[in-house]
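To start, the structure under review is shown below, and the notes come after it.
The values are calculated or read from the model by the stated rules, or taken from the named source; none is laboratory data. These numbers come from a predicted model, not from an experiment. Counting neighbours? That spans all protein chains shown, and the Cβs are built from the backbone with ideal geometry, glycine included. Side chains included, ligands, DNA and RNA excluded: accessible areas come from the protein's heavy atoms. Shrake-Rupley method; radii C 1.70, N 1.55, O 1.52, S 1.80 Å.
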Amino acid sequence: LPVPVLREDWMVEPVTRARQPLWIYGAGHVGRALTRVLAPLPDWEITWVDTGPERFPDAPPPGVRCLPAPDPAAAARLAPADAHHLVLTYSHALDLEVCHELLRRPAASIGLIGSATKWARFRKRLAELGHEPQGIERITCPIGDPAFGKHPQAIAIGVAAGYLQRQIGQLKALRA
């Protein structure tokens, strides 16, 4: 986050906070819930990726950039290095491809929707693809707060709460 600085007798302070890039892979029920919950927050610049334009709603939330991409893993290469990523496509195979690609590059965070069983399979398969355990642990699975439940809106609220708590922690650290 930009912080005020004193430069040659001038106080320079940001008027608005920088927006964090957030890439959401998957326009299904959970992807739609996530974009509806996160888009109104001023901290996010959301890019929403799915395999075709027909997968997105006719009217996405304001400020959300829809990116139809036949190969979402290839689209992940377009994301800036400081982007946060949430992976929740309609296909475990696509999820794995996107996670594999994201582990090859810098990212602020990587979240994956899934159960403990899915996460165990993914850890094994990512290791077989050559990723080291410390790299694989960059992925948070499941996303959200499992105590909120598995309803798409509950997952979205849990993810948003986690991001907001992380931002509060960063602000407290800057002020300390």
Working only within segment 3-56, note down all residues that are free of Cβ contacts under 8 Å to residues at least 24 places away in the same chain and within 17 Å of residue 164 (Cα to Cα). 18, 40
Subset tally (residues that are farther than 16 Å from residue 112 by Cα and more than 18 Å from the chain's Cα centre (by Cα)) for segment 135-167: 2
For segment 2-32, which positions are open to solvent by less than 90 Å² (accessible area, probe 1.4 Å) and not in a strand (DSSP E or B)? 2, 3, 4, 14, 18, 26, 27, 28, 30, 31, 32
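Table: residues versus (1) touching a helix residue (DSSP H, G or I) at 6+ places or on another chain (Cβ under 8 Å); (2) free of Cβ contacts under 8 Å to residues at least 12 places away in the same chain; (3) within 21 Å of residue 35 (Cα to Cα); (4) polar (S, T, N, Q).
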{"site": "63", "(1), (2), (3), (4)": "no, no, yes, no"}
{"site": "87", "(1), (2), (3), (4)": "yes, no, yes, no"}
{"site": "113", "(1), (2), (3), (4)": "yes, no, yes, no"}
{"site": "127", "(1), (2), (3), (4)": "yes, yes, no, no"}
{"site": "131", "(1), (2), (3), (4)": "yes, no, no, no"}
{"site": "148", "(1), (2), (3), (4)": "yes, yes, yes, no"}
{"site": "152", "(1), (2), (3), (4)": "yes, no, yes, no"}
{"site": "167", "(1), (2), (3), (4)": "no, no, yes, yes"}
Okay, strands (runs of 3 or more DSSP E) sitting entirely in segment 33-148 with 2 or more residues that are in contact with a Pro (Cβ under 8 Å, 6 or more places away or on another chain), on the phi < 0 side of the Ramachandran plot and crowded, with 19+ Cβ neighbours inside 10 Å, I get 44-50
